[in-house]
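Worksheet: the structure to be examined is printed underneath.
Since every read-out is calculated from the coordinates, none of them should be taken as a lab result. Computed from a predicted model, the values in this text were never measured in an experiment. Quick reminder, even Gly has a Cβ in these numbers, built from the backbone with ideal geometry, and neighbours come from all protein chains shown.
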Amino acid sequence: MKIAVYGANGYQGKLVLAELARRGMEMVLIGRSRERLSAAASQVGVADAEIRIADADCSHALASVDALINCAGPYTVSGQAVARAAITAGCQYVDLSGEQLYVKEFFDDLGPDAERAGVALVPMMTESGAIDDLLAALLAARLQPAEIALAHKNLNTGGLSRGSARSALKTIDFLRTGGLAYEDGKWRTDAPALRKSVTFLGGEDVPVVKFAMPAVVTIPRHVDVQRVQGLLDAETGERVTAAALSEELIEAMPEGPSEEDRRAQRFTIVVDATADDGSSVQATATGNDAYRTPAVMAVEAARRLIADPPKPGVLAPAQAFSPADFLDFLGRNGLTWAIAGWEAR
Ligand SMILES: NC(=O)c1ccc[n+]([C@@H]2O[C@H](COP(=O)([O-])OP(=O)(O)OC[C@H]3O[C@@H](n4cnc5c(N)ncnc54)[C@H](OP(=O)(O)O)[C@@H]3O)[C@@H](O)[C@H]2O)c1
């Protein structure tokens, strides 16, 4: 099983390499600069790993690769080119995108080509996207939802990586709209927020704002539901949308949070599904380290796509993997999750 990492020398790419090394998996590092890739390999302790040089259009570098994990961001710039390379080369594909519009266009633009090529592409394998998608699928198996609200609260000690900040800068005008909400088959940026506050774990009632959570665009692909909307704690939401980001400021930032700061990061998720008659079920998840967690998720996703290939096409996480089984795997790797009245195995 050979897994390639595109953008392997980035902050997130190195965490994916470290996770592949921890699991003893064979890896290929791909990117634009041999010097930067070699330095990353040495830094992670995989100096002997194979290196291949390629631009985003990297199909020629994917010979004998079983799955590609794309870590190069902003995804809005190069994501589709890397994904098309995986389709051309006939290898499975995973990425760690969090940009809502990118994820929507990824499904719209690449689905038929992926199906024809017989490969599975799963974007959004991050704590900010895939966990919502998997939890929503489990809730929908318990109740026919009319509405699903995805609420996140982040304690982002140490701040963002440069790549995350660049992704926010590229889509800042869209983020300021609160992003797409799904309503009766339509995508709206002008929908009012479904909630003013959300009670997170520990009973804390926290003000929230509408936010461009990526799973808003994947959940209606596999759940029959009228409304889906993303919400973020108002403090983080306002910090992101009011940030005076510029390329110069981002260049001056550290590459990303220190390991100690990452350990102190905490994300809390509440997914609420409500039926037409007002009955509801709720799922919660909490974890730390908003950078290592996506690395763990992406590597496991790539491994599963190779070991147990789903139907080909662009797939939401819940379409590619058994939701409870994947969440149980994360449960053994630092995530705590539960559905009210139904404990995780
Ligand atoms: N929880 C989340 O949702 C989450 C968490 C972490 C990261 N992410 C996403 O992951 C992405 C990467 O973040 P990061 O912090 O790792 O960024 P980073 O440290 O700046 O690294 C970016 C990587 O992408 C490559 N790259 C950038 N633009 C490219 C292009 N046009 N063509 C080919 N390669 C290109 C860079 O290669 P060069 O060295 O050749 O420039 C580098 O390897 C971001 O989009 C971020 O939003 C999401």
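Among residues other than ASP261 whose Cβ falls under 13 Å from its Cβ, what is the net charge (Lys/Arg +1, Asp/Glu -1)? My count for the surroundings of ASP261 gives 0. Normalised by the number of residues in region 130-290, the mean separation of alpha-carbon contacts (under 8 Å, six or more apart) gives a relative contact order of 38 percent. Under 5 Å from the amide H of PHE211 lie the amide H atoms of GLY230, LEU231, LEU232, each residue being 5 or more positions distant or on a separate chain, with H modelled from the backbone and absent for Pro and chain starts.
If packing is taken as the average number of other Cβ atoms within 10 Å across a peptide's residues, how do 254-260, 18-24, 322-328, 150-156 rank, most packed first?
150-156, 322-328, 18-24, 254-260
First obtain the Kirkwood hydrodynamic radius of region 130-290 from its Cα pairs, then insert it into the Stokes-Einstein equation at 4 °C and 1.567 mPa s, and state the resulting D in µm² per second as a whole number. Working shown, then result.
Details: Rh = 16.4 Å.
In µm²/s, the coefficient rounds to 79.
Report for the chain the percent antiparallel among DSSP-assigned beta bridges with both residues inside it, nearest 5. Spell out each step's value before the answer.
Values: 36 of 63 bridges.
If we restrict to bridges inside the chain, about 55 percent are antiparallel.
I need the phi-derived Karplus couplings for region 208-217: 6.51 cos²θ - 1.76 cosθ + 1.60, θ = phi - 60°, integer Hz, Gly and Pro marked x. Here the 3J(HN,Hα) series is 10, 10, 5, 8, 7, 5, x, 5, 4, 8 Hz.
Please pull out the direction-averaged projected area of region 170-234, using the convex hull of its alpha-carbon atoms, in nm² to one decimal place.
Over every viewing direction, the Cα hull of region 170-234 projects on average to 5.0 nm².
In a simple Cβ point-charge model (Lys, Arg +1; Asp, Glu -1; nothing else charged), the chain has a dipole of about 420 debye relative to its Cα centre.
Loop only per DSSP, at most 15 neighbouring Cβ atoms within 10 Å: give me the chymotrypsin sites (Phe, Trp or Tyr not before Pro) in region 80-162, ordered by residue number. Spell out each step's value before the answer.
Working: sites: TYR93, TYR102, PHE106, PHE107; in loops: none.
Counting only loop positions with at most 15 other Cβ atoms within 10 Å, none of the chymotrypsin sites (Phe, Trp or Tyr not before Pro) in region 80-162 qualifies.
Computed from label points 7 Å out along Cα-Cβ, the spacing between ASP308 and GLU115 is 2.4 nm.
Please list, or write none, the lysines whose alpha carbon is within less than 22 Å of the alpha carbon of LYS2, excluding same-chain residues fewer than 8 places away. Those lysines meeting the cut-off are LYS14, LYS311.
Just to verify a number: FRET efficiency for SER33 and MET1, C-beta to C-beta distance, R0 = 25 Å, to 0.05?
0.40
Candidates MET297, GLY129, TYR6 compared by Cα position along the dipole of the chain: farthest toward the positive end lies TYR6, with charges placed on Cβ.
Listed highest first by mean packing, meaning other Cβ atoms within 10 Å per residue, what order do 162-173, 216-227, 128-139 come in? Mind dumping the intermediate values first?
Details: 162-173: 18.5, 216-227: 20.7, 128-139: 27.5.
In decreasing order of mean packing, 162-173, 216-227, 128-139 become 128-139, 216-227, 162-173.
What whole number of Å gives the distance from the Cα centroid of region 134-172 to the Cα centroid of region 287-345? Centre-to-centre (Cα) distance: 15 Å. Which residue, ALA212, ALA54, ALA302, tops the fluctuation ranking in a GNM of the chain built on C-alpha contacts under 10 Å? In this elastic network of the chain, the residue with the biggest mean-square fluctuation among ALA212, ALA54, ALA302 is ALA54. Overall, region 190-345 carries a charge dipole of about 480 debye about its Cα centre when +1 sits on the Cβ of Lys and Arg and -1 on the Cβ of Asp and Glu, all other atoms neutral.
Take the Cα of ASP184, step 7 Å toward its Cβ, do the same at GLU238, and the gap between the two points is 3.3 nm.
Can you tell me, using C-alpha contacts under 8 Å and at least 6 residues apart, the relative contact order of the chain as a whole percent? All intermediate terms of the calculation are to be shown ahead of the outcome.
Values: 750 pairs, mean separation 75.3, N = 345.
Rounded, it is 22 percent for the chain.
Give the average over all directions of the projected area of the C-alpha convex hull of region 231-297, one decimal, in nm².
On the way: hull surface 27.3 nm².
Its Cα hull, projected and averaged over all orientations, spans 6.8 nm².
Relative to the compact-globule estimate of 2.2 N^0.38 Å, the Cα radius of gyration of region 231-345 comes out at 1.32. Computed over the chain, the per-residue total of -39500 (n - 2.57) for DSSP H runs of n ≥ 4 gives a 222 nm mean residue ellipticity of -11000 deg cm²/dmol, rounded to 500.
Using only the alpha-carbon atoms of the chain as identical scatterers, what base-10 log of I(q)/I(0) does the Debye formula give at q = 0.06 Å⁻¹? Treating every Cα as an identical point scatterer, log10 I(q)/I(0) equals -0.19.
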